[in-house]
Structure formats: structure tokens, C-alpha cells
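Okay, structure first, notes after.
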Amino acid sequence: MRCVVGRLRSTISFLAFFPGLVLAAEFTGLIVPRHDILVSTGVAAAVMQVQTEVGRRVKEGQLLVQLDDRLPALEAHRRRVIFEDESELRAARDRVRILKPLAEDSRRAFQAGGSVSREELSRLELDLSAALARLDQLAAQKVREKSELDIADQEKLLRRVIAPVSGIVTRVDLELGEWAKIGEPVLQIVDADVCYLRVNITPMALRRLKLDQQIPVSFEPPLKIPPVRGRISYLSPGIDAASGLVEIRVTFQNPGWRVPPGVRGSITVEED
């Protein structure tokens with residue numbers, strides 16, 4: 001960084017003697033993959049299956065590691081049986097269906113001065129009210145049972161380590177039978193199909209650039225990698241106080257990983 005700052009100071013001093021002269025400056029940075037993810041587990045459990053290996057390409061959503069899920073599976077099955085049992089709910093509905101017309105007929109008979117006493121009417125109305133309350137209670141219970149079933153299903157799914165993105169597995173830290181700990185990385189996935197050059201430039205050069213602008217990116221000559229055309233995807237809104245430079249990112253397509261992540265890349269920008 002000191003070398004870069006020194007070179008920039010020399011350039012600025014040179015420009016002071018030649019006002020109005022436009023120079024092209026080269027800025028060098030590192031190539032970074034679009035995704036470089038350490039995948040961890042949300043639960044602690046023994047490893048039952050490892051369905052990938054280092055160097056294998058995986059797709060988003062693919063199962064990579066299966067943890068022991070036998071107890072969560074049994075709990076989910078128990079919750080499902082409870083939720084799907086609607087015998088008591090059907091009985092409550094039938095009771096309401098029977099009591100409702102009886103109460104209405106009794107009310108009409110009582111109002112017409114028939115053979116139904118106030119006591120009988122009150123008893124039927126209380127029975128109907130209790131049946132309606134029980135029906136509401138059972139309906140609410142089914143909602144709770146569905147939530148408990150969803151929780152049990154999620155607990156089971158937490159035992160599955162799924163690829164969050166498509167890419168290549170570059171690290172696997174668990175073997176069959178080992179114990180996976182919460183939050184500790186179990187594997188790493190890198191997606192370099194799209195990469196970006198992360199580079200710091202001067203504020204003078206920044207004035208020449210804008211978002212989505214096309215710009216060529218070149219690489220170290222010994223690597224013999226042909227230049228690629230990239231798009232400016234990020235311009236930092238602030239200037240680094242220590243270096244006086246501004247970070248930008250130039251994104252480019254990288255089919256076949258022709259440009260390895262970690263190599264140096266550079267752009268050339270005119271400075272006022």
C-alpha cells in the first residue's frame with residue numbers, strides 16, 4: 001500500500017508541472033469469487049451420510065451432509081398422527097349440527113306457549129353453547145397441532161446440510177460418524193462462475209467512472225490469461241482515510257473458471 005501511495009504522490013507532483021495533461025493510471029487489485037461460503041449446521045448431531053467430496057460441483061438445494069434425524073423423524077410422525085386425527089372434531093361438529101335445530105325448535109315452541117318448559121329450553125341452549133365452545137376449542141387446538149407439526153418438520157430438516165448456492169466444494173471437514181457442532185463449518189463452497197476485481201483507485205480516477213460502465217480487466221502476464229470485459233458493479237461512497245483511495249468492484253463472467261480467484265487483476269483509468 002505504501003508503494004502505491006508513493007507512486008500516486010509522484011504522479012500528482014508530476015501533474016503539478018503539467019496542468020491539463022491527462023494520464024492513464026493502472027490500478028491493481030485481487031480477483032474475488034462471487035460466493036465463497038463456509039457452510040455450518042444449526043444443530044449438534046452425528047453425521048449419518050456425506051454425499052459430496054472436495055472438487056465436486058454441486059447445485060443449489062442439493063443435499064450435502066445428512067445428520068442423524070431418527071428422533072426428530074419419530075417426533076414429526078407422532079405430531080402428524082395427532083394432527084390428522086379429526087375424530088373428536090367431527091364428533092363436536094355432529095353435536096352442534098344436532099343440537100342447533102333442537103334448540104331453535106324448542107325456542108319456537110316455548111314462545112308459542114307449547115309443551116317446552118323454560119328449564120328444558122335453558123338446558124338445550126346451554127348444551128348448544130357448550131358444544132359451540134368445544135368446537136371452537138378443538139379448531140384452535142388443530143391450529144396449535146399444525147404449528148407443532150411444522151416445528152417438528154423443521155427440526156428434522158435442520159439435520160440436512162443443503163448447498164446454499166451452486167459451486168464447487170473446496171473443503172469437507174466431517175467424516176461419517178463424527179459429531180457436528182453448532183455453528184462450526186462442515187464444508188466450503190466456492191462459486192467463481194462470476195468474479196469481481198476489488199481494487200482501490202484515486203478520487204481523480206473515480207471521476208472518470210460510473211456504475212454499470214464497461215471496462216477491460218487485465219491480469220499478470222506470466223499467467224497468460226487474456227483480458228476480460230467487466231462491468232463496474234460497486235463504487236464506494238467514501239474515501240479511505242489512511243490511503244486516500246476509493247474501493248470499486250468490476251464484475252465479469254468467468255465461465256470454466258478461466259480466471260482463478262486470488263490472482264491479481266488491473267484496470268487502466270485516465271486521471272485528470
Of residues in segment 69-103 being part of a helix (DSSP H, G or I) and among the acidic types (Asp, Glu), the one nearest to residue 155 (Cα to Cα)
75
The one condition in (1) at pLDDT 95 or above; (2) surrounded by fewer than 14 Cβ atoms within 10 Å (Cβ to Cβ); (3) not β-branched (Val, Ile, Thr) that residue 17 fails to fulfil:
(1)
Could you give me the residue pairs with C-beta distances under 6 Å whose first residue belongs to segment 99-125 and is within 19 Å of residue 135 (Cα to Cα), whose second residue is outside any loop (DSSP other than H, G, I, E, B) and among the hydroxyl-bearing types (Ser, Thr, Tyr) wherever it lies, and which are 6+ apart or on separate chains?
124/106
Of all strands (runs of 3 or more DSSP E) fully inside segment 157-255, the set with 3 or more residues that are surrounded by 13 or more Cβ atoms within 10 Å (Cβ to Cβ) and in contact with a Lys or Arg (Cβ under 6 Å, 6 or more places away or on another chain) is 185-201
Please go through segment 131-146 and pick out each residue that is open to solvent by 60 Å² or more (accessible area, probe 1.4 Å), among the hydrophobic types (A, V, I, L, M, F, W, C) and farther than 13 Å from residue 91 by Cα.
143
Quick count over segment 194-218, residues being modelled with pLDDT under 95 and either touching a helix residue (DSSP H, G or I) at 6+ places or on another chain (Cβ under 7 Å) or among the aromatic types (Phe, Trp, Tyr) (or both), is 1
Going by the conditions given, is residue 67 closer than 30 Å to residue 122 by Cα and open to solvent by less than 40 Å² (accessible area, probe 1.4 Å)?
no
Could you list, in sequence order, all residues of segment 256-272 that are open to solvent by 20 Å² or more (accessible area, probe 1.4 Å), within 18 Å of residue 205 (Cα to Cα) and in a strand (DSSP E or B)?
268, 270
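The values are calculated or read from the model by the stated rules, or taken from the named source; none is laboratory data. Not measured: the values here are computed from a predicted model. Heads up, the Cβs are rebuilt from the backbone with ideal geometry, glycines too, and the neighbour counts pull from every protein chain shown. For accessibility, only protein heavy atoms count, side chains too; no ligands or nucleic acids. Shrake-Rupley method; radii C 1.70, N 1.55, O 1.52, S 1.80 Å.
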